[in-house]
Amino acid sequence: MTRLNARAPEGPVAEKWTAYKAGCKLVNPNNKRKLDIIVVGTGLAGASAAASLGQLGYNVKVFCYQDTPRRAHSIAAQGGINAAKNYQNDGDSAYRLFYDTIKGGDYRAREANVYRLAEVSNQIIDLCVAQGVPFAREYGGLLTNRSFGGAQVSRTFYARGQTGQQLLLGAYGALSRQIAAGNVTLYNRRDVLDMVLVDGKARGIIARNLVTGEIERHAAHAVVLANGGYGNVFFLSTNAMGSNVTPAWSAYKKGAMFANPSFTQIHPTCIPVHGDAQSKLTLMSESLRNDGRIWVPAKLKDVERLRNKEVKPSDIPESDRDYYLERRYPAFGNLVPRDVASRAAKERCDAGFGVGTTGVAVYLDFADAIKRKGHDTIDSLYGNLFQMYQQIVAESPYETPMMIYPAVHYTMGGLWVDYELMTTIPGLYAIGECNFSDHGANRLGASALMQGLADGYFVLPYTIGNYLAAEIHTPRFDPASSEFNTAAQAVTDRLKSIKNTGAKESVDHFHRRLGKIMWEYCGMARNEAGLNEALYLIAELRGEYARGVKIPGGVNEYNPELEKACRVADFIDLGELMVRDALQRSESCGGHFREEYQTSEGEALRNDDEFAFVGAWEYKGRDAAQLHREELQFKEIKLSQRSYK
Amino acid sequence: MNLTLKIWRQKSATAEGQMVSYDVSGISADSSFFEMLDTLNQKLIMSGGDPVSFDHDCREGICGTCSLYINGRPHGPEKGVTTCQLHMRSFKDGDTIHIEPWRARAFPVISDLIVDRSAFDKIIQAGGYVSVNTGGVPDANTIPVPKEKSDEAFDAATCIGCGACVAACSNAAAMLFIGAKVSHLALLPQGQVEAAKRVQQMVACMDELGFGNCSNTYACEAECPKGISVSNIARMNREFLSAKLFAEKEKIIQDSL
Amino acid sequence: MLLYSSITKKVLMALAGLFLVTFLCVHLGINLMLLKGDGGLMFSEAATFMGTNQVIKVFEIVLFAGFLLHILFGILVSFQNRAARPTAYACGNSSETSFFSKYMFHTGIIVFIFLVLHFIDFYFIKIGIVAPPPGIASHDFYHRTLLLFSSPWYSLLYIISFLFLGIHLNHAIQSGFQTLGWNHSKYMDAVKFIGSAYSLLITVGFSIVPLYILLSK
Ligand SMILES: Cc1cc2nc3c(=O)[nH]c(=O)nc-3n(C[C@H](O)[C@H](O)[C@H](O)COP(=O)(O)OP(=O)(O)OC[C@H]3O[C@@H](n4cnc5c(N)ncnc54)[C@H](O)[C@@H]3O)c2cc1C
Ligand code: HEM
Ligand code: SF4
Ligand code: FES
């Protein structure tokens, strides 16, 4: 086991970024034109990076699997984006945002990165407003804020329930401007399937044109991955149907380390599963917890009556309701961090107090808020969410409490990156949700949008220059070189081998099975026996998968089943690594809850002496991986047991 | 539920296509329209057939990928929802459902129900943004924006770029899509600076791409899943007219080296 | 003409169309003078004024230009619109829109055919291209009108034409406002209402004259 070094600058945490910027190498404008950069992904991270790098004068190629950059899954983010503006005069500061993020992440994130994130957060808001992002405003014309879980200040900027959409459209606009200017070339409907290394450095990618099936090679001086999170390893998640880990996973297989894969965020407020044909889960923004109160019946007898529809939720008297978050965490109440809220819901449902026909749901009740603030105010705050809920469930949250249950939502783990956001492969960067960097073992609400944009707009444009400054004499790469040939051939062979028509089951069948295993054994609560069981089941699943999947159609044509087949193959391998990582981490922290390690009150019990590190895995063949550690040093913040009581 | 589906099948952009009939059975009224199509596709795959391709991604009505023309209406019979938000409870047992791709010269079919909407990207590239660089912008609260304006801009900005407006329009016009973007930016002080240039460039691009003219039938508004108002089209017309009539002529000044 | 942007084309059409709308109002006023039982005195006077006044002459040119512009653009725009959707839907559109708005070209063409007849019957006689029917002077519109409307077939054709014009205008007036950008949430409903009322007035108003003449025979 080697120890990884993040290469953060020396000095006090608050001065590191300034020091870095002052000392990093720059590339002069003439040379930038000679340097090519590939950006995989057009979400907040990818679009902001591609636009900013194009603006600087680099020659950028940007890839996405959708038909247009604007559809990246960042579009679905609802609640908001954090920044330490302190517009509300409620005591916020970069330091406090930093502190909350480290604490929220249960002390498993790197101080230097998180401080930088908090530091640049304000610039993000300034830029987005200048781009025309219509954030919510007060009548006086100035920006307003809402509160989010895990913080005692109001620092979340939002655009009704569509913050991600508005931010992404801003970044998409900036990207479009660079495309029009000829600085960025867009490759849409492309599936990036492999990385190409030349002399150990990232020099290109292999992509499949999803319309024609053609295998394409693209060369560059540096490659930036921004392919989003891997929550779809659970099959059911709030991610988009096409969200996948493939670009990051192919990097892992080529030598980039994968950090904390088991750190998954289960979001407490999603619409519960309805049946077997279900294809995805829908998130109800966490902002709802500002006004909604979460409860289940206090008496099992009421649970029964509700399920048989003998009584309505509103018929249950106050005294017979258990507002379990308010009861257990009086200081934060319904606004405890996500992992805490999710586990509490699971705990109640496991104890038999769950509501709904399936018994795996809890109420999120707006009756009080509507009474207090009025129907119109609630409508203006959550109208579109209520509408979305009603469309899916056919019940109006104005009349009866919403039913919610936790669902997989975000993955804190990802490619290991150093302070410069570079992976362990030189010239390969990872930004946005696909890296592991800022959220430790649990991400606070409204922090992912902040991180994606911070990485893309304000961090990567500096740090990548520091690397590229040494590459100005490297000529453009020839995508016909032997390294590209080998990689392209490997991809072609892989596609051919996956397309085995003799098999009995379809890709979805395997994906669903993988999802069930992961949810059952590596979901909200984990234990050693279960994780070992999962290892066995995944190995079995992988064996079956290797024997063949039923895929209609050909390789050289539009073939969505073939796309899925590659993705699911990678998810199976990733699933195994997640389980290994969860097994390795004999403690509970944030979203990683090992049942063996909990306090007498059922709270997560960290083990800082042995596990205050980032676990980064190195690929060692298909079912082997080696763990490396990056020790986390907390110089600014004292480790303490997270308490939201 | 048991249903008969009549679906447009077309192997590739250049192939001939036709409507093909399929039966599906045992569909839950609570499942979504796409889950119903998933069921059909699973059946087709298992029986050695060719599954129906359709565009979809977020399945929660925000990415704008989904694009089905169902029984003569883009995004199906419900108002204000996308195809992916459509649930089978909107149909009756025994129904026949016609499913077609968006039809427009500017949106050629790629495969089955999938069309190429990159024309929308081109229109945005023609000027659907505020030309600010990363870095060097003023504090976000420097310019107050009246809440009403900001809210109106937001309403226009919620367009998801799905193209239902084009699909619904008898002229395959893209005026609602462009009107929404022009309005969003023209309503904000940040966007006003280059408003005159923007609207002219975007409209010119739209014309070039072969979209139709606006006949003000308002089918777009009726079918837009985000309820974008046609008042945005009027605003665009206004912006366009005043730009054509009053905007300063752009002077090309050679940068001296 | 082809080089104009789509919006410019529509704006010119709308301006011309709305100008025609105001002209219709004047025309209707003169027509209604026929109803005055003065043996066509007032009507003839007005017709003479319209035929001889120099200002009106200028307006006449504008009017013709307006018709020409409106019609040419109408046809151009309609063809472009058709070309924008080369493949039709198998299952016709059932979106909730005003039914007639989709048939502006058709109603326009019907109005156009009528216009041609109307010109042959009146204007061409006036300027001497076509010889007046025997016994009627080339500037005697009063008797010419009485003669024409004494035929129930002609009257029916006339009324039907105005029915189609009414349908055309029902959509056209508010559409013209929208095209010119005059859409405001406060006023749009009023504009729509006034547009419909006005088109009803035109249809009914123009139909009264032949009905009156037919019935009073
Ligand atoms: C429903 C929902 C609500 C959320 N709400 C919030 C919130 O309120 N606040 C908050 O801070 N965070 C929120 N998040 C989290 C946040 O939205 C995401 O973490 C963040 O947007 C990820 O951005 P990204 O740029 O890293 O990736 P994405 O936006 O997921 O973009 C990934 C990009 O990579 C491309 N890509 C992926 N695979 C391939 C491939 N194989 N080949 C080519 N291209 C590929 C895709 O095309 C896409 O362009 C939410 C997340 C979800 C799912
Ligand atoms: C007295 C006669 C007429 C009047 C007052 C009139 C008035 C109008 C007005 C106000 C509009 C609305 C313009 C807009 O939407 O911006 C319109 C539309 C239209 N007119 Fe006419 N019109 C007349 C005759 C004709 C004729 C003869 C044609 C022949 C083809 C015609 C064809 C059209 C068409 C096709 C449209 C719809 C254009 C579109 O929006 O796609 N009109 N008319
Ligand atoms: S205006 Fe409405 S229908 Fe048109 S693209 Fe935008 S969201 Fe879709
Ligand atoms: S799939 Fe995203 S809007 Fe329908």
Alpha-carbon Rg with Dmax, taken over chain C, Å: 19.1, 60
Reachable aspartates and glutamates from C:K10, criterion Cα separation under 18 angstrom, eight or more residues apart if same chain: B:D207, B:E208, B:E239
P(r) histogram, all alpha-carbon pairs of chain A included - 20 Å bins from 0, percent: 20, 55, 24, 1
Region A:57-193: relative contact order in percent, alpha carbon pairs under 8 Å with at least 6 residues between: 44
Top of B:A172, B:A106, B:A234 by mean-square fluctuation, Gaussian network on chain B, Cα under 10 Å: B:A234
Computed log₁₀ I(q)/I(0) - Debye formula, equal Cα scatterers, no solvent, region B:3-110, q 0.09, 0.24 Å⁻¹: -0.22, -1.64
C-alpha long axis of helix A:111-131 to longest principal axis of chain A, angle in °: 90
Descending principal axes extents, region A:1-71, alpha-carbon based, whole Å: 45, 36, 27
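Of the listed pairs A:K103/A:K371; A:K499/B:K43; B:K43/C:K102; B:K147/B:K197, which have alpha-carbon separations greater than 30 Å here? Display every interim value, and only then the final one.
Values: A:K103/A:K371 35 Å; A:K499/B:K43 18 Å; B:K43/C:K102 41 Å; B:K147/B:K197 25 Å.
Among A:K103/A:K371; A:K499/B:K43; B:K43/C:K102; B:K147/B:K197, the Cα-Cα distance tops 30 Å for A:K103/A:K371; B:K43/C:K102.
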DSSP-defined antiparallel bridges as percent of all bridges, chain B, nearest 5: 80
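What total accessible surface area, summed over both chains, is buried at the interface between chains C and B, computed with a 1.4 Å probe and given in Å² to the nearest 100? Present the calculation step by step, with values, prior to reporting the outcome.
Values: alone 13260 and 13850 Å², together 23950 Å².
Chain pair C/B: roughly 3200 Å² of buried accessible area.
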Chain C: relative contact order as a whole-number percent, Cα under 8 Å and 6+ apart: 29
Alpha-carbon centroids, region A:577-604 and region A:181-228: separation in whole Å: 37
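With a 1.4 Å probe, how much accessible area is buried between chains B and A, both sides summed, in Å² to the nearest hundred? Don't jump to the answer; show the numbers that get you there.
Working: alone 13850 and 23920 Å², together 31820 Å².
The buried area between B and A, both sides summed, comes to about 5900 Å².
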Where labels lie 7 Å past Cα in the beta-carbon direction, separation of A:T377 and C:L72 in nm: 6.2
Surface accessible to a 1.4 Å probe, per residue, for the residues of the protein assembly as shown, Å²: 37
For region A:433-567, diffusion coefficient by Stokes-Einstein and Kirkwood Rh (Cα), 37 °C, 0.692 mPa s, µm²/s: 170
Label point at C:I136 placed 7 Å out along Cα→Cβ; residues across region C:189-215 whose backbone nitrogen lies under 11 Å: none
Cα-only radius of gyration and Dmax that characterise chain B, units Å: 21.1, 74
Label point distance in nm, C:I56-A:D276, each placed 7 Å from Cα along Cα→Cβ: 8.4
Interatomic Cα distance distribution for the protein assembly as shown, bins of 20 angstrom, percent: 12, 39, 32, 12, 5, 1
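Take the eigenvalues of the Cα gyration tensor for region B:117-246, scale each by 5, and report the square roots as semi-axes in whole Å, largest first.
On the way: eigenvalues 121, 52, 38 Å².
Its equivalent ellipsoid spans semi-axes of 25, 16, 14 Å.
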Length gained when the stretch A:L639-A:N308 is fully extended (0.36 nm per residue, less Cα-Cα span): 114.4 nm
Check: chain A dipole with +1 on Lys, Arg Cβ and -1 on Asp, Glu Cβ, in debye: 980
Convex hull volume of region A:201-321 per residue (C-alpha atoms, cubic angstrom): 188
A:R494/A:L627 FRET efficiency (R0 41 Å; Cβ-Cβ; nearest 0.05): 0.95
Where B:F154, C:F177 fall by accessible area, highest first, once all protein chains stay in place (1.4 Å): C:F177, B:F154
Cα extents of region A:113-259 along the three principal axes, largest first (Å): 56, 37, 31
Tilt relative to chain A, helix A:482-498 - C-alpha long axis, 0 to 90 degrees, to 10: 40
For region A:94-150, projected area of the alpha-carbon convex hull averaged over all directions, nm²: 4.7
Compactness relative to 2.2 N^0.38 Å, alpha carbon Rg of region A:231-293: 1.42
Chain A: angle of helix A:528-547 to the longest principal axis, Cα-based, in degrees nearest 10: 50
Cα pair distances in region A:1-144, grouped into 10 Å bins until the bin that holds the longest one, percent each: 9, 26, 36, 24, 4, 0
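To one decimal place, what Kirkwood hydrodynamic radius in Å is obtained for region A:537-576 from all pairs of distinct Cα atoms? Can you show the working numbers first?
Values: mean 1/r = 0.0920 Å⁻¹.
About 10.9 Å, per the Kirkwood formula over Cα pairs.
Determine by what factor the alpha-carbon radius of gyration of region A:494-621 differs from 2.2 N^0.38 Å, reporting the quotient. Walk me through the intermediate numbers first.
Details: Rg = 17.7 Å, N = 128, 2.2 N^0.38 = 13.9 Å.
Cα Rg divided by the expected 2.2 N^0.38 Å: 1.27.
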At most 13 other Cβ within 10 Å, DSSP loop - trypsin sites (Lys or Arg not before Pro), region A:448-533: A:R476, A:K504
Listed pairs A:K32/A:K201; B:K6/B:K122; B:K149/B:K226 exceeding 22 Å between Cα atoms: B:K6/B:K122
Extreme residue, positive dipole direction of region A:333-427, given options A:G352, A:S396, A:T411 (C-beta unit charges): A:G352
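Where both partners of a DSSP beta bridge lie in chain A, what percent of those bridges are antiparallel, to the nearest 5? Please list the in-between numbers first.
Working: 45 of 65 bridges.
Restricted to chain A, the bridges split so that about 70 percent are antiparallel.
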Cα-projected label distance for A:A181 with C:H27, points at 7 Å along beta-carbon direction, nm: 5.6
Cα gyration tensor, region A:267-408 - rounded (a/c under 1.5), prolate or oblate: rounded
Stokes-Einstein translational diffusion, region A:185-272 - Kirkwood Rh over all Cα pairs, 0.692 mPa s, 37 °C, in µm²/s: 222
Computed over region A:127-237: relative contact order in percent, which uses C-alpha pairs under 8 Å that are six or more apart: 13
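The values are calculated or read from the model by the stated rules, or taken from the named source; none is laboratory data. Note that this is a predicted model, so its numbers are computed, not measured. Virtual Cβ from ideal backbone geometry, glycine too; neighbours counted across all protein chains shown. The accessibility values were calculated without ligands, DNA or RNA, using every heavy atom of the protein model including side chains. Shrake-Rupley method; radii C 1.70, N 1.55, O 1.52, S 1.80 Å.
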